[in-house]
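*Asks:* A single structure is presented below for examination.
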Amino acid sequence: MKKLTILTGLAFLISTNVFAAEAIEGNWKTASGETAAIAKCGSAFCVTLKTGKHAGKQIGKMKGSGNSYSGEITDPAADKTYSGSGTVSGNSLSMKGCVLKVLCKSQTWTRL
């Protein structure tokens, strides 16, 4: 019985850690083929390019939980920052950046 209790406790701890991360966290392949890492930074999630011409550059900061996030996203090629949002659906992340909430551009990123 003691062995079963220990195994049940371990299974609970493992499953708790698996579900502790937010859906947006991880490595994503961007629309341009680069890899972006999204990780917790303070009370937000920072988006940092890991590959490509702008590797190492933070290109966004978003807040949210579950599958819906919002904040700012930067186009590193143009060096312009936009109001942004992201929606996670399985292994896809739909990113949207807008100027004045009317001129918007969307991309879909894929989880690596």
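*Asks:* Can you pull out the strands (runs of 3 or more DSSP E) entirely within the stretch 43-96 that have at least 3 residues that are farther than 15 Å from Gly33 by Cα and either without any contact (Cβ under 8 Å) to a residue 12 or more places away in the chain or open to solvent by 60 Å² or more (accessible area, probe 1.4 Å) (or both)?
*Replies:* Output list reads 58-65, 68-75, 80-89.
*Asks:* For the stretch 91-105, which positions are modelled with pLDDT of 95 or more and either at positive phi or among the small types (Gly, Ala, Ser) (or both)?
*Replies:* Hits for the stretch 91-105 are Ser92, Ser94.
*Asks:* Still on this structure: Within the stretch 24-41, is there a residue that is modelled with pLDDT of 95 or more, surrounded by fewer than 17 Cβ atoms within 10 Å (Cβ to Cβ), farther than 18 Å from Ser85 by Cβ and among the hydroxyl-bearing types (Ser, Thr, Tyr)?
*Replies:* yes
The values are calculated or read from the model by the stated rules, or taken from the named source; none is laboratory data. All values reported here derive from a predicted model rather than from experimental measurement. Note: ideal-geometry Cβ built from the backbone for every residue, glycine included; neighbour counts use all protein chains shown. Ligands, DNA and RNA are stripped out before the accessible areas are found, and what is left, the full protein with its side chains, is counted by its heavy atoms. Shrake-Rupley method; radii C 1.70, N 1.55, O 1.52, S 1.80 Å.
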